[in-house]
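The structure under discussion appears below in the form of structure tokens.
Each reported figure results from applying straightforward, stated rules to the coordinates on display, with no laboratory input. All figures in this text were calculated on a predicted structure; none of them were measured in a lab. Counting neighbours? That spans all protein chains shown, and the Cβs are built from the backbone with ideal geometry, glycine included.
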Amino acid sequence: MTYYNKKAESLSRDEITSLQTEKLKSTLKTAYKSEFYKKRFDKNKIDVEEIKTLDDLKHIPFTTKDDLRDSYPQGMLAVPMNKVVRMHASSGTTGKPTVIYHSKKDLDNWTDLVARSLYMSGMRKSDVFQNMMTYGLFTGGLGLHYGAEKLGMMVIPISSGNSRRQVQMIEDFHTTAVHITPSYALHLAEDLVNYGVKNPRDLGLRFAVMGGEPYSEMTAKKIEDIYGVHACNCYGLSEMNGPGVAFDCEAKLGMHVWEDNYIVEIINPDTLEHVKEGEEGELVLTHINREAMPILRYRTKDITSFIKGECSCGRKHIRIKRIIGRNDDMLIINGVNIFPSQVEHVLMDMPEVANNYIIIVSKDHYLDRLTVKTEVKADIFQGDIDNLMALQKRIEAILKSNLLISARVDLVEPLSLEASTGKAVRVIDERKNKF
Amino acid sequence: MPVTELSVFIENKHGRIADIANILGENEISIDGFDVAHTPNGYGIFRLMVKDVMKATKILAEKGFTVREKNVIAIGMEHKAKALSNILKTLAKENININYIYVAANNVLSVSTSNDEKAQKLLEEQGCKTLTQEDL
């Protein structure tokens, strides 16, 4: 067995526990420097000196996405701004994004996690890594980029989209590993023939690192079969850095969570108690290796369960099952997170739009499509099509700039949605059970 | 004098135009002409010509339709070669653009242009027979 970071990856259970205990104590002290946690600890009469064991963690309240939003933009920052070297942001539940800050040290740690994750899945410095995830505020682009570079692979920072160019790069630079969403991998497989590739296996890919959206074991197997690759399941969320929180090892029997950086809990979302071993529940993570912005007991809303027993790879870092869904209304559309409330926020800000709308998510072959049907107010209709189309295009443009993905907007007659569906139904996800 | 037509905002779904035709039919209103403009985004406009505009507007609005009245030029066209081309040439020569155009019952041509007033005058000068609501 070889490791990328031997010291961290070969920790025993006892070593993990004592390391976590030490790091938890220091993390609490760091967190207390932030406006948000100072207020929260004081209010709940939490003395950070009194937290001595991992079991004491239960005295710390959970942190939620709403907390992040409410403390926007700097409430959770625990270091002076001049120590921050990067920020990332993800979709908030309303118009405001949630922002995560990183110091130089934080980025080094994150990069190490990604590098060891890729190594653990089987990639080596001789591989060529084509990063087909969107760069920018999302963490999927830069997070994997720096980790793959650190590992020593040549990285092609092509970002998402433009299949013709993706294929050309794979062929010309002999890409062996891709970072891709499962839906795009399936879409590309059908599209390849248009670029002169008869069999996806002819591309010579060896690894497909896939994350950004939940997918089934069957989908992973299908992609492995089509391309002749190892599918590597990658889990992460921007609040906890991004990709590299948990990753498949070569055994591919669950993802190891890097416990030298995260304390992992799974709770029953109703009782907020820990689930019994092996039961499904909501993943809760505490980042114990970040100085700029520690986040304690973060409710990820992702549903998973622990896998019992030791992994054949020898690593003692705990394993979780493939994420099977979420316990909130977040939609994942081609790897991008969208909350219905973001759409509502945009629509309700436009005077021409009436109160009712429906969000429809469907599959066009393998890619997700977002359609927003919205009622317009009667008085904007002047009897010609031009001003309707102008309004439709304007809504599409504003949605695109807010959601960062394209939505098709269908205008419908005033009061027609209320009559046909009732107000309660806002989201129709036609993809259910189809991935 | 121009003719008034109705524009109804419609969602592109089964039976929507049938609904309009049924409602008007039940109220003894005859449709003298119609046209549909549609977009790829599931909505469009159903335009129609009727004699009693006020009654039709009221009935459709009561049934929840979004209706607007709009003026168009109505021309009684002769059914012979060059009839249409003469009309269009007259407008084109004066740089008048056509927003939309359709044929209604009894060879009536309905035209909405960038300048209806000027268009109607030019057409009349060319000997075209323009119609009023009562002529429909």
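The order of the peptides B:108-116, B:37-45 by mean Cβ neighbours within 10 Å, most packed first, is B:108-116, B:37-45. Available extension along the chain between A:LEU253 and A:LEU272 is 4.1 nm, counting 0.36 nm per residue and deducting the alpha carbon span. When the P(r) of the stretch A:331-396 is calculated, the portion above 13 Å amounts to 68% of the C-alpha pairs. Rg ratio for the stretch A:45-155: its Cα radius of gyration over 2.2 N^0.38 Å, N being its residue count, equals 1.32.
Estimated from helical segments only, the mean residue ellipticity of chain B at 222 nm is -9000 deg cm²/dmol, where each DSSP H run of four or more residues counts as -39500 (n - 2.57).
Entry note, chain A: the mean residue ellipticity at 222 nm calculated from DSSP H runs of n ≥ 4, each adding -39500 (n - 2.57), is -9500 deg cm²/dmol after division by the residues and rounding to the nearest 500.
With N the number of residues in the stretch A:211-349, Rg(Cα) / (2.2 N^0.38 Å) evaluates to 1.12. Build a GNM of chain A with springs between Cα atoms under 10 Å apart, and of A:ARG13, A:ARG297, A:ARG69 the one that fluctuates most is A:ARG13.
Enclosing the Cα atoms of chain A in their convex hull gives a volume equal to 157 cubic angstrom per residue.
Given +1 at the Cβ of Lys and Arg, -1 at the Cβ of Asp and Glu and no other charges, the dipole of the stretch A:294-365 around its Cα centre is 920 debye to the nearest 20. Any idea which of A:HIS179, A:ILE395, A:MET348 is furthest toward the positive side of the dipole for chain A, if Lys and Arg beta-carbons carry +1 and Asp and Glu beta-carbons -1? The listed residue farthest towards the positive side: A:HIS179. Does the stretch A:107-148 come out rounded, prolate or oblate, given a ≥ b ≥ c as the square roots of the eigenvalues of its C-alpha gyration tensor, rounded meaning a/c under 1.5 and, failing that, prolate meaning a/b above b/c? Oblate, since a/c reaches 1.5 and b/c is not below a/b.
With the simple spin-label model, which puts each label point 7 Å out from Cα in the Cβ direction, the B:HIS14 to A:GLN382 separation comes to 3.6 nm.
Quick note on the stretch A:263-314: its Rg to Rh ratio, both from C-alpha atoms and Rh being the Kirkwood radius, is 1.05.
With the cut-off at 24 Å, tell me which of the pairs A:LYS363/B:LYS63; A:LYS393/B:LYS118; A:LYS38/A:LYS276; A:LYS65/A:LYS373; A:LYS33/A:LYS104 have Cα atoms farther apart than that. Beyond 24 Å between Cα atoms: A:LYS363/B:LYS63; A:LYS393/B:LYS118; A:LYS38/A:LYS276; A:LYS65/A:LYS373. Restricting the calculation to alpha carbons of the stretch B:17-91 gives Rg and Dmax of 15.3, 43 angstrom. Net length available on complete extension from A:ARG408 to A:LYS83 is 112.8 nm, with 0.36 nm assigned per residue and the Cα-Cα distance removed. Taken residue by residue and averaged, Cβ atoms of other chains lying within 10 Å of the Cβ of B:35-41 number 4. Could you check how many percent of all C-alpha pairs in chain B are farther apart than 20 Å? Tail of the P(r) past 20 Å holds 47 percent of the pairs.
Of all complete DSSP H helices in chain A, those with a Cα span along the helix axis of 15 Å or greater and a mean Kyte-Doolittle hydropathy of -0.5 or more are A:139-151, A:385-403.
Just check the stretch A:184-286 against the gyration tensor rule for me: Cα atoms, a ≥ b ≥ c as the square roots of the eigenvalues, rounded for a/c under 1.5, and otherwise prolate or oblate depending on whether a/b exceeds b/c. Prolate.
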